[in-house]
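Report on the structure given below.
The values are calculated or read from the model by the stated rules, or taken from the named source; none is laboratory data. From a predicted model like this one, the values you see are computed outputs, not experimental measurements. Positions of Cβ are generated from backbone atoms using ideal geometry, with glycine treated the same way; all protein chains shown enter the neighbour counts.
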Amino acid sequence: MSELVIVEAIERGLSVLTLNRPERRNALSIALLEALCDAIGRLEADRSQRVVIVRGAGPIFSAGLDLKEAADPDLVDRSAACVERGLDTLRETSLVTIAAVHGGAYAGGAGIMAACDLAIAADDARIGFPEARRGLLPALICDVLRPKVREGELRELFLVGEDVSASQAQQWGLVQRVVPADQLLQAAMTAARAILRGGPNTIRNTKALINSLYDEGSSKTLSEVHLEARHTEEAREGLDAFLEKREPNWK
């Protein structure tokens with residue numbers, strides 16, 4: 001049996017994670033979601049890793065939830081828990097996650113895309129949330145879409161249920177960049193390398209800061225967060241490098 005998730009180290013700080021279930025259009029089975037979370041956990045534990053590109057094997061990024069498992073009463077609770085864990089893992093990991101979306105991302109697959117920090121889509125990709133047509137509610141996905149999509153677009157996506165083009169998804173905030181299909185991975189790597197130019201701890205803290213803007217339970221003020229960053233070694237190195245007209249030497 002082939003690995004459900006393949007991780008490839010590209011260079012220091014950058015890896016590509018591939019959802020590898022092409023025969024089922026990368027449907028989100030319990031085993032695949034568990035493998036995804038485990039892979040992110042291993043990458044996060046390796047402090048040299050900073051950015052991970054998430055993509056799908058085969059013709060599309062992901063068709064969404066494995067509906068065969070979803071229809072099994074004995075697996076319903078476990079499947080739902082794995083979807084929630086997968087979305088939370090991508091959103092909360094200190095790694096910067098970039099979804100490279102080709103072909104299509106639907107339902108839970110579009111949720112995986114939206115849970116990533118950035119989404120770069122091929123110009124022929126389609127994005128959709130057809131849950132209502134399966135008698136399902138996209139409740140878990142709401143958490144990752146709420147910071148990105150306005151209410152009107154959310155109603156359109158969920159209630160009408162038609163998929164939209166990559167360019168439309170970009171206008172609505174689901175996707176940050178749209179590129180020609182043959183340039184998709186290269187565009188994701190270009191973005192990743194730009195991120196790697198930032199201070200490692202600063203990038204991690206910036207992601208945490210952005211997440212905290214949508215976390216009603218956050219205990220620190222933005223002023224406190226800002227001042228803490230001012231007193232770090234990375235702030236000193238970054239400012240010194242700018243004044244000395246050189247690239248920063250991040251530890």
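Out of curiosity, is residue 164 surrounded by 18 or more Cβ atoms within 10 Å (Cβ to Cβ) and more than 28 Å from residue 208 (Cα to Cα)?
Spelling it out, residue 164 is indeed surrounded by 18 or more Cβ atoms within 10 Å (Cβ to Cβ) and more than 28 Å from residue 208 (Cα to Cα).
Here is a check on your reading of the model: is residue 143 surrounded by fewer than 24 Cβ atoms within 10 Å (Cβ to Cβ), in a helix (DSSP H, G or I) and among the acidic types (Asp, Glu)?
Judged against the criteria, residue 143 is a match.
Evaluate the range 103-113: report whether one residue or more is in contact with a strand residue (DSSP E or B) (Cβ under 8 Å, 6 or more places away or on another chain), over 22 Å from residue 162 (Cβ atoms) and either at pLDDT below 95 or assigned to a helix (DSSP H, G or I) (or both).
Scanning the range 103-113, I find no residue that is in contact with a strand residue (DSSP E or B) (Cβ under 8 Å, 6 or more places away or on another chain), over 22 Å from residue 162 (Cβ atoms) and either at pLDDT below 95 or assigned to a helix (DSSP H, G or I) (or both), so the answer is no.
Would you point out the residue of the range 48-59, among those that are without any contact (Cβ under 8 Å) to a residue 60 or more places away in the chain and out of contact with any Pro (no Cβ under 8 Å at 6 or more places or on another chain), that is surrounded by the fewest Cβ atoms within 10 Å (Cβ to Cβ)?
48
Considering only residues that are closer than 11 Å to residue 127 by Cβ and within 20 Å of the chain's Cα centre (by Cα), which ones fall in the range 154-177?
Across the range 154-177, the qualifying residues are 157, 163, 164, 165, 166, 167, 168, 169, 170, 172, 174, 175.
Being free of Cβ contacts under 8 Å to residues at least 60 places away in the same chain, β-branched (Val, Ile, Thr) and either within 24 Å of residue 84 (Cβ to Cβ) or not in a strand (DSSP E or B) (or both) narrows it down to one residue among 149, 175; which is it?
Going through 149, 175 in turn, the sole match is 149.
Test residue 155 against the stated conditions and say whether it is farther than 18 Å from residue 62 by Cβ, basic (Lys, Arg) and not in a loop (DSSP other than H, G, I, E, B).
In short, yes.
Name every residue in the range 178-211 that is among the small types (Gly, Ala, Ser), surrounded by 17 or more Cβ atoms within 10 Å (Cβ to Cβ) and in a helix (DSSP H, G or I), in order of residue number.
187, 188, 191, 192
Hey, could you check the range 19-60 for residues that are modelled with pLDDT of 95 or more and among the basic types (Lys, Arg) and say which is farthest from the chain's Cα centre (by Cα)?
24
Got a number for residues in the range 77-101 being touching a strand residue (DSSP E or B) at 6+ places or on another chain (Cβ under 9 Å) and either β-branched (Val, Ile, Thr) or outside any helix (DSSP H, G or I) (or both)?
9
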